[in-house]
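Engineer: Okay, handing you the structure first.
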Amino acid sequence: MFGFVVQYTQRLLWLNLLFLLGIVLMPFSTAFYSEYIFEYLKAPVVLYAFNICFIGIMNYMLWKYVSNPRSNLSDNLSKALVGYYSFRALTVPVIFAIMVIAYLYFPQYAIFIPPFIPLIMWIVGKAYKKKLLNK
């Protein structure tokens, strides 16, 4: 994302710091999650998923701010490229939110939802690459 940035603002720095807050909390939420995942406790899964969702939403907010032409932080980004990276940023939080909802009813199956993320990213990546090449 920051490869597209040509200048920065105070707001960009704060958004990035909030994003990094979620990154810093990952080892703790991951350890809590991995310790109790097969005991089917709800709190570790919800905390871990919340952390993943927070990181994804902050990534989306950073990307939207960087890609917004009014912010003058990047040059010549196509709509297809902006859409692709926006979708990528929101895919993981949405899948983890679905996992949490499923975990409340079917915990033994819900833990197998996140491995579908690479498949979804691959399918969407192929579709967006076709869009980008056709322009």
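The values are calculated or read from the model by the stated rules, or taken from the named source; none is laboratory data. The structure displayed is predicted, hence computed values, not measured ones. FYI the Cβ positions are ideal-geometry reconstructions off the backbone, even for glycines, and counts take in every protein chain you see. The accessibility values were calculated without ligands, DNA or RNA, using every heavy atom of the protein model including side chains. Shrake-Rupley method; radii C 1.70, N 1.55, O 1.52, S 1.80 Å.
Engineer: Need pairs with beta-carbon distance below 7 Å; first residue closer than 15 Å to Asn59 by Cβ and among the small types (Gly, Ala, Ser) and within the range 73-87, second open to solvent by 40 Å² or more (accessible area, probe 1.4 Å) and modelled with pLDDT of 80 or more; sequence gap 6+ or separate chains.
Structural biologist: What qualifies is Ser86/Tyr60; Ser86/Lys64.
Engineer: On to the next question. Only one residue in Arg70, Arg88 is at pLDDT below 90 and within 21 Å of Phe112 (Cα to Cα). Which one?
Structural biologist: The conditions single out Arg88.
Engineer: Which helices (runs of 4 or more DSSP H) sit wholly inside the range 65-135 and have at least 2 residues that are open to solvent by less than 100 Å² (accessible area, probe 1.4 Å) and of a type in the set (A, V, I, L, M, F, W, C)?
Structural biologist: It comes to 79-105, 117-133.
Engineer: Do you know which residues across the range 4-21 are open to solvent by 80 Å² or more (accessible area, probe 1.4 Å), at pLDDT 90 or above and not hydrophobic (A, V, I, L, M, F, W, C)?
Structural biologist: Gln10, Arg11
Engineer: Taking Asn51 as the residue in question, decide whether it is in contact with a Gly (Cβ under 8 Å, 6 or more places away or on another chain), within 20 Å of Pro118 (Cα to Cα) and either of a type outside the set (A, V, I, L, M) or part of a helix (DSSP H, G or I) (or both).
Structural biologist: Taking the combined requirement at face value, the residue satisfies it.
Engineer: Moving on. Tyr33 fails exactly one of the following numbered conditions: (1) among the aromatic types (Phe, Trp, Tyr); (2) more than 24 Å from Leu133 (Cα to Cα); (3) open to solvent by less than 30 Å² (accessible area, probe 1.4 Å). What is the number of that condition?
Structural biologist: With (1) among the aromatic types (Phe, Trp, Tyr); (2) more than 24 Å from Leu133 (Cα to Cα); (3) open to solvent by less than 30 Å² (accessible area, probe 1.4 Å) applied to Tyr33, the lone miss is (3).
Engineer: Looking for whichever is more than 16 Å from the chain's Cα centre (by Cα) and under 30 Å from Tyr105 (Cβ atoms) here; the options are Tyr36, Tyr8, Tyr48. Which one fits?
Structural biologist: That would be Tyr36, the only listed residue that is more than 16 Å from the chain's Cα centre (by Cα) and under 30 Å from Tyr105 (Cβ atoms).
Engineer: Under the condition of being buried (at least 20 other Cβ atoms within 10 Å of the Cβ) and of a type in the set (Val, Ile, Thr), which residue from the range 48-64 is farthest from Gly3 (Cα to Cα)?
Structural biologist: Ile52
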